[in-house]
1. Of the residues that sit in region 86-140 and are part of a strand (DSSP E or B) and touching a Lys or Arg at 6+ places or on another chain (Cβ under 8 Å), which one is nearest to Glu65 (Cα to Cα)?
2. State which residue is surrounded by the fewest Cβ atoms within 10 Å (Cβ to Cβ) when the search covers only region 119-130 and only residues that are more than 6 Å from the ligand (Cβ to nearest atom) and over 16 Å from Thr7 (Cα atoms).
3. Which one of these does Gly131 not meet: (1) at positive phi; (2) in contact with a helix residue (DSSP H, G or I) (Cβ under 7 Å, 6 or more places away or on another chain)?
4. In contact with a helix residue (DSSP H, G or I) (Cβ under 7 Å, 6 or more places away or on another chain), surrounded by fewer than 17 Cβ atoms within 10 Å (Cβ to Cβ) and without any contact (Cβ under 8 Å) to a residue 40 or more places away in the chain: does that describe Lys52?
5. Residues of region 75-88 being surrounded by fewer than 19 Cβ atoms within 10 Å (Cβ to Cβ) and either more than 10 Å from the ligand (Cβ to nearest atom) or among the hydrophobic types (A, V, I, L, M, F, W, C) (or both), which ones?
6. Exactly one of (1) more than 7 Å from the ligand (Cβ to nearest atom); (2) surrounded by fewer than 21 Cβ atoms within 10 Å (Cβ to Cβ) is unmet by Ile145. Its number?
7. Can you spot a residue in region 200-222 that is assigned to a helix (DSSP H, G or I) and closer than 17 Å to Lys90 by Cβ?
Amino acid sequence: MKIDVLTLFPGMFAGPLDESIIQRARERGVLDLRIVNLREFTHDRHKTVDDKPFGGGPGMLLKPEPMFEAVESLANERTRVILLTPGGRKFDQSVARELATQEHLLLVCGSYEGFDERIREHLADDELSIGDYVLTNGALPAMVIIDTVTRLLPGVLGDDESAREESFSAGLLEYPQYTRPAEFRGLRVPDVLLSGHHAEIAKWRLEQSRARTAAVRPDLMK
Ligand code: 4H7
């Protein structure tokens with residue numbers, strides 16, 4: 001999959017996407033990631049990307065010209081152009097699974113007070129929010145989406161992790177897990193897990209998952 005990111009803060013992306021599973025996916029060519037500075041698509045001496053809102057009001061908006069030039073230069077008919085904004089459709093694991101089927105994503109990060117509305121109307125295929133809170137710009141949401149989508153691409157996760165991904169999609173929170181030692185500072189691992197009775201262990205885990213989900217995330221219970 002190819003993912004292009006359009007941002008005013010390309011430096012924010014150095015680090016988080018250069019480690020671990022995402023880096024391995026990039027090295028193997030499963031993920032072709034490019035971070036593009038919106039200012040490259042300005043033509044004036046000051047590389048202006050923003051301006052005051054018509055009708056007045058606080059703050060500045062991303063102006064249409066650099067954004068239209070950038071999207072027209074980076075996107076084609078098969079590109080899914082996605083704005084990251086606090087007012088978008090809520091991003092979750094099912095949206096991630098859907099995005100993972102696309103061949104090219106263009107993630108457009110907002111900043112200042114947002115976008116000129118013509119960007120939303122004429123360039124965007126989709127507008128996503130990673131949750132109900134306000135960030136200074138869309139770089140962190142873009143990185144969240146890149147991470148979530150990349151680990152779903154074929155061959156990126158090992159078999160164990162893929163199996164856990166499937167159990168998450170069953171819709172319950174994870175059951176408690178323990179490793180050695182069986183007793184640590186007097187704190188014992190539940191006997192059932194040491195019993196070797198696989199059916200009993202599976203039953204206990206499902207009960208734990210259900211109890212946790214009901215307590216913490218009742219919205220996930222069907
Ligand atoms: C578009 C419009 C996404 C993008 C406005 C982006 C939260 C999320 C942004 C804004 C984002 C999310 C600019 C409005 C900065 C607030 C202080 C970038 N915040 N911002 N203002 N939840 N901010 O996915």
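1. Leu106
2. Across region 119-130, the extreme among qualifying residues is Glu121.
3. (2)
4. No.
5. Asn76, Glu77, Arg78, Thr79, Arg80 - these are the residues of region 75-88 that are surrounded by fewer than 19 Cβ atoms within 10 Å (Cβ to Cβ) and either more than 10 Å from the ligand (Cβ to nearest atom) or among the hydrophobic types (A, V, I, L, M, F, W, C) (or both).
6. Single failed check for Ile145: (2).
7. Restricting attention to region 200-222, the residues satisfying the condition of being assigned to a helix (DSSP H, G or I) are 200-216, 218-220.
Checking the rest, the ones that are also closer than 17 Å to Lys90 by Cβ come to 219-220.
Yes: region 200-222 contains one or more residues that are assigned to a helix (DSSP H, G or I) and closer than 17 Å to Lys90 by Cβ.
This table checks each residue for (1) within 14 Å of the ligand (Cβ to nearest atom); (2) surrounded by 20 or more Cβ atoms within 10 Å (Cβ to Cβ).
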position	(1), (2)
Thr101	no, no
Leu105	no, yes
Glu117	yes, no
Asp132	yes, no
Gly155	no, no
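Read-outs: derived from the displayed coordinates by stated rules, not from any lab. Every value quoted in this text rests on a predicted model; they were computed, and no experiment measured them. With ideal geometry, Cβ positions are generated from the backbone for all residues, glycine too; neighbour counts draw on all protein chains shown.
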